[in-house]
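Trainee: Right, I'll just put the structure down here and ask away after.
What follows is calculated from the coordinates using simple rules that are stated; it is not laboratory data. Everything numeric here is computed off the predicted structure, so don't read it as measured data. As a convention, Cβ positions derive from the backbone with ideal geometry for all residues, glycine included, and neighbour counts pool all protein chains shown.
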Amino acid sequence: MTVDPSRWIWAAFACVVWLSLWIGPMRKKLGTWQSTRRIARRLPAKDHAGPLLIGYASQSGFATLMAENLAHKLTAGGHPAHARSLHSLSTLDIGKANRMLFIVSTTGEGDAPDNAAAFVSRVMSGTLNLQKLRYGILALGDRSYANFCRFGRELDAWLMSAGAISAFSRIEVDGGHAAALDMWRQAVERFTDHTLAADPLPFRQAALAPRWTLVRREILNSGSPGAPIHRIVLWPEDPTVQWHAGDVARVWISNNSDDMPTSRDYTLASLPQSGYAELMVREVLKPDGQRGLGSGWLGHGLAIGGELRMEIRCNREFHSPEAAVPLILIGNGTGLAGLIAHLEARALARQLGRPIGPTWLLFGERTCQFDALCGERLEGWLASGVLKRLDRAFSRDAQAPAHYVQDFIGLYCDLVQQWVSHGAAIYVCGQREGMASGVDAALRQALGEPLLEQLTIGGRYRRDVY
């Protein structure tokens, strides 16, 4: 070890120089890191935090299929999303969401679908602060009705009034218009930063729909003062096709003078186990005396043995409850088609050895003599126990126990209450105006608003109305 002082001085000087050269850059890096941390604290959480919520409101199942299809595609592509019916969403669910997509139908004359009624009364009637929510809306409707897409427009206006930010302009679709649906796909891709398959439709277009053959046609109400009701029986080209009670047949009409693909929807009156699809189609007469496009072609224009294109649409909102659940079926006219499918499902369950719950059918038409539709089948089910009770109202018969089917609900109010208290579900199928609205009012009177809303939310009050 040296004892020369000059060597110690030079060594100390070298250390000081080296430390200054090292500490300066490190202090700068440390300052940058601390500054970055302060900025990060000020930044909002990522918009993409958590799964994307897709809310849907559907009357016939189309919006449900679209929402579930979109959620599946996004999740499979690494962008988590889940679809929920509006009636299952609370103010807390909406308030916590950062991003939402809505796929909503309008039914009747501008009404919200049944599975959105509770959302309208519980959520949209209140005041929420949704300033952190970004959303997009697909509104489904039919331009033949005066209040086209009204529920979608009302939902959009409510969201904006609550401070939510629209990520893109509301997209409105007339029927299944492909161009509008493609616009929706592109908007969703921008919203989620995720590429979707080019075909967003949950069912195929006319040219790709399966072929069916008309094998039988008969009038069920010959002599009726009302318009003829045709029973249409169709054999599938594909014998493996499946559906459930409550599902809908979309028939593509080939004699459209505008040369544009046109379709009509009919609730199926049979199950695939029969080997055929059965429809009930009431003939429509226009003011000028001409027949309606769909009913005229199916009832008269299409020859026996002729082919048509038909797609089966899943309508989960009207699927049967478990076979053991007590069931009240209510309908009129061609609404009997959907109710018969549920009775077929119960008869099949019994054949398979499964227990079935009691079933009560309340049905309305014009005259007992000419409009007791499918009378032999119904009486057979009554005799075998598939039906526990059958009540029919006839509006043109003075001696009928009730003139309209909704009259039975007041007449047998105690019995309706008893069935519901024992767990019965209530399914309504047929015309919205008159029958369905009358039945709804009668049920609210008999059961009370809170209970009927509870039955709706719980899936025990379902309607397929048009």
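Trainee: Order these by the 10 Å Cβ neighbour count, fewest first: I253, I232.
Mentor: The fewest-first ordering by Cβ neighbours comes to I253, I232.
Trainee: Next question, about the same structure. Apply the Karplus parameterisation 6.51 cos²θ - 1.76 cosθ + 1.60, with θ equal to phi minus 60°, to every residue of the stretch 305-316 and state each ³J(HN,Hα) to the nearest whole Hz, in sequence, with x for glycine and proline.
Mentor: Result, ordered by residue: x, x, 9, 9, 9, 8, 10, 8, 9, 5, 10, 4 Hz.
Trainee: Also, quick follow-up: Over the chain, what is the mean sequence separation of C-alpha contacts under 8 Å (at least six apart), divided by residue count, expressed as relative contact order in percent?
Mentor: 11 percent
Trainee: Here is a follow-up. Under a point-charge model restricted to the Cβ atoms of Lys and Arg (+1) and Asp and Glu (-1), what is the dipole moment magnitude of the chain relative to its Cα centre, in debye to the nearest 20?
Mentor: Its charge dipole is roughly 2280 debye.
Trainee: Relative to the first principal axis of the alpha-carbon coordinates of the chain, what is the inclination of helix 437-447, with its axis defined by its Cα atoms, in degrees from 0 to 90 and to the nearest 10?
Mentor: For 437-447 against the chain, the angle is about 80 degrees.
Trainee: How charged is the neighbourhood of A393? Take every other residue with its Cβ under 12 Å from the Cβ of A393, and add Lys/Arg as +1 and Asp/Glu as -1.
Mentor: Charge balance near A393 sits at -2.
Trainee: Which value, in debye to the nearest 20, gives the size of the charge dipole of the stretch 52-192 about its Cα centre, when Lys and Arg are +1 and Asp and Glu are -1 at the Cβ?
Mentor: 540 debye
Trainee: Could you tell me the extents of the stretch 52-192's C-alpha atoms along the three principal axes, largest first, rounded to whole Å?
Mentor: That works out to 37, 35, 23 Å along the principal axes.
Trainee: Run through all the Cα pairs of the stretch 207-316 and give the fraction in each 10 Å bin from 0, expressed as whole percent.
Mentor: Spelled out bin by bin, the stretch 207-316 gives 14, 48, 31, 7, 0 percent.
Trainee: Whose amide H sits under 5 Å from the amide H of E172, counting only residues 5 or more places off or on another chain, with H placed in the peptide plane?
Mentor: It is A139, by chain and number.
Trainee: Taking the Kirkwood radius as the inverse of the mean 1/r across Cα pairs, report the Rg/Rh of the stretch 320-465.
Mentor: Radius of gyration over Kirkwood radius for the stretch 320-465 works out to 0.94.
Trainee: Neighbouring Cβ atoms within 10 Å as the yardstick, rank H422, H342, H244 fewest first.
Mentor: Taking fewest neighbouring Cβ atoms as first place, the list is H422, H244, H342.
Trainee: Give the aspartates and glutamates reachable from K96 as a straight Cα distance under 14 Å; neighbours fewer than 8 places away on the same chain don't count.
Mentor: The qualifying aspartates and glutamates are D47.
Trainee: Dipole of the stretch 207-316, Cα-centred, from +1 at each Lys and Arg C-beta and -1 at each Asp and Glu C-beta, to the nearest 20 debye?
Mentor: Using only the charged Cβ atoms, the result is roughly 200 debye.
Trainee: A further question on this structure: Report, in deg cm²/dmol and to the nearest 500, the calculated mean residue ellipticity at 222 nm for the chain, where each DSSP H run with n ≥ 4 adds -39500 (n - 2.57) and the sum is divided by the residue count.
Mentor: Dividing the helical sum by the residues of the chain leaves -10000 deg cm²/dmol.
Trainee: Would you pull out the residues with amide H under 5 Å of S85's amide H, same chain only if 5 or more places away, H placed 1.01 Å from N?
Mentor: Counting only residues 5 or more places away or on other chains, the set is Y56.
Trainee: Which ³J(HN,Hα) values, rounded to whole Hz and listed in residue order, are derived for the stretch 328-335 from phi using the Karplus coefficients 6.51, -1.76 and 1.60 in 6.51 cos²θ - 1.76 cosθ + 1.60 with θ = phi - 60°, glycine and proline given as x?
Mentor: 10, 9, 10, x, 8, x, 6, x
Trainee: How large is ³J(HN,Hα), in whole Hz, for each residue of the stretch 231-237 in order, when computed from phi with the Karplus curve 6.51 cos²θ - 1.76 cosθ + 1.60 and θ = phi - 60°, using x for Gly and Pro?
Mentor: 8, 10, 10, 10, 9, x, 5
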